[in-house]
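Novice: Could you have a look at this structure, given as structure tokens, before my questions?
The values are calculated or read from the model by the stated rules, or taken from the named source; none is laboratory data. Model, not experiment: these values are computed from the prediction. Heads up, the Cβs are rebuilt from the backbone with ideal geometry, glycines too, and the neighbour counts pull from every protein chain shown. Areas reflect the complete protein model, heavy atoms only, side chains present, ligands, DNA and RNA absent. Shrake-Rupley method; radii C 1.70, N 1.55, O 1.52, S 1.80 Å.
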Amino acid sequence: MLAQLLAPARFARCLGSSVPYRGPQSAWAFLRQFSGGHSEGQPSQQQLRQTGSTHQAHRQQRQNGIAKASPSRLQHGPLRRGKERPRSPLVEGIRSLSDQGRWGDVARTLNDAKAPTDSELRAVLKTVAYKYQPSLATTALKRLQGMVALTAQDFERTIMAHMNHPSGALKLLNEMEKAKDSKHAGDSRGGSERALEWLQLMEDTGHMPEGKHFTAAMGVCTAEGNSVNALKIFQQMRDQGQRPNIISWNALVNAIGSTGQVDQMMAMYREMRASRQQPDNITMNTMLACAGAAGRGSIAQDIWKEMHTLQLEPDVRSYNALINCYATAMEPEKAEAVLAEICQSATVRPNVFTFNSIVKAYNEVQRLDDAEQVISRMRAAGVQPGLQTWNGIIHAADAAGDVKRADRLYSDALLSGTIKPYRPWHSASIMKQVSGTIPPKGTLMDLHLLNPGTGRAAIRHELHERQKDARRRKLPLYIIAGHGGGLLVAAVSDTLKSQGILFVLQPGVVYRFFS
């Protein structure tokens, strides 16, 4: 039955951008080791270092040809292996430099690497993580982030490299919490609970948490959307006799306001003022952004007035937050008035986020002609439209049923190089994580950063190009649609159905199809 489906029909299968890591050890197990504490059956820091030294010694013995084969190997003979993977010069070079402790050369080699694959970067990340090199691990993670969706294992290895840097580890836990496809690997607790335990473990092992640690932990709560634990951490800091500084207050205000609790946020702001702590621009900008996102326009205006009363000069973030507030309230005229004020300022210049909010204001009321004109105004001001700009306006056109406009805007974004849906074929190794084998060579599209409307436009564009190019039409098409709550996967599936293309849907997304 399946063979009959594959042979004559155009076939597609949707595949997620990554497979969440489900290894035997959770992120919190790593954190317990790094903070100095370890439960029964888990290795301590010293044991980890000894193990690393033992592995390095064994590796050196093998290189010198003096390592002995294990009894089982002698008894059963050599292991049978399939075709061995070709060794990567990049990975082998970095491993060699790492063994020699030449970290400067490792950094240069990693920075100079041209178009490394995700597999190579993960191998490099593993190497430097087990050598406890935080900056190198972070560099590898950031480069990897620009190519594929990060997994929990990627974060865990980077956290491992930060075992002697508590602040860095907490910041990574914060980023891990934000990466929805990567968190809670083998751990049902949220990041804020792990952050609370992290602080307790620091205290239990004689490392009294400082203000920066409490602040980083509150950042994890913000990413998780847990204001209750943020308040607990803030109170814990006070109970230890530490006076919160402006950075800590700002973290707490953000943790509360970002959950939509604007009234409680304002109450905490008043408490901050009562403690004689003066707010700064970050405080006011945070409150403006939270009030605007919650659609509390009147409170946002009060904050704006308070800012002037305190003689705090609004910066571009302040203006952007106010414009976004009016965009959310579907008041484009007021948003335009704020933009006009920016243009008259001698110290502030609009940026891409400013114009994105103006586009959003028009999209909200379906004034697509005005929204499209903002693109031209951006370019005239020397500001190039970003991915968020194109995502917003293309999706708005698609939602309004204006397919021709959506497709035209997508072509413009593609031509400008802002949207880059095509990936080199060697990146297809990501599909091996799901199917176990790399499928036949074809065209690989990565749409996981696009929203449903823009994703549909991308599929229509590719199908149109295939109609014009016979050679391209014969190649299989692979589409990475990611997870994203299933909305993008559904959009891609619907578009393929509308074109009469048969496909098999699996956790995530699109496998090959032939025209």
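Novice: Against the condition touching a residue at least 24 places away in the same chain (Cβ under 8 Å), within 14 Å of Ser192 (Cβ to Cβ) and not in a helix (DSSP H, G or I), how does Thr259 come out, does it pass?
Specialist: So Thr259 passes the test.
Novice: For the structure I just gave you, tell me whether Ser275 is open to solvent by 30 Å² or more (accessible area, probe 1.4 Å) and hydroxyl-bearing (Ser, Thr, Tyr).
Specialist: Taking the combined requirement at face value, the residue satisfies it.
A quick yes/no check of all residues on (1) at pLDDT below 90; (2) farther than 26 Å from Glu120 by Cα; (3) in a helix (DSSP H, G or I):
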{"residue": "Ala406", "(1), (2), (3)": "no, yes, yes"}
{"residue": "Leu409", "(1), (2), (3)": "no, yes, yes"}
{"residue": "Leu414", "(1), (2), (3)": "no, yes, yes"}
{"residue": "Ser427", "(1), (2), (3)": "yes, no, yes"}
{"residue": "Met431", "(1), (2), (3)": "yes, no, yes"}
{"residue": "Met445", "(1), (2), (3)": "yes, no, no"}
{"residue": "Gly453", "(1), (2), (3)": "no, yes, yes"}
{"residue": "Ile459", "(1), (2), (3)": "no, yes, yes"}
{"residue": "Glu465", "(1), (2), (3)": "no, yes, yes"}
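Novice: Which of (1) at pLDDT 75 or above; (2) open to solvent by 10 Å² or more (accessible area, probe 1.4 Å); (3) touching a Lys or Arg at 6+ places or on another chain (Cβ under 8 Å); (4) hydrophobic (A, V, I, L, M, F, W, C) is the odd one out, the single condition Ala129 does not satisfy?
Specialist: With respect to (1) at pLDDT 75 or above; (2) open to solvent by 10 Å² or more (accessible area, probe 1.4 Å); (3) touching a Lys or Arg at 6+ places or on another chain (Cβ under 8 Å); (4) hydrophobic (A, V, I, L, M, F, W, C), Ala129 is out only on (2).
Novice: Restricting to the range 132-148, count the residues that are touching a helix residue (DSSP H, G or I) at 6+ places or on another chain (Cβ under 9 Å), modelled with pLDDT under 80 and assigned to a loop (DSSP other than H, G, I, E, B).
Specialist: 3
Novice: Output the residues belonging to the range 356-380 that are more than 25 Å from the chain's Cα centre (by Cα), open to solvent by 60 Å² or more (accessible area, probe 1.4 Å) and either within 24 Å of Glu465 (Cα to Cα) or touching a residue at least 12 places away in the same chain (Cβ under 8 Å) (or both).
Specialist: Glu364, Gln366, Arg367, Arg377
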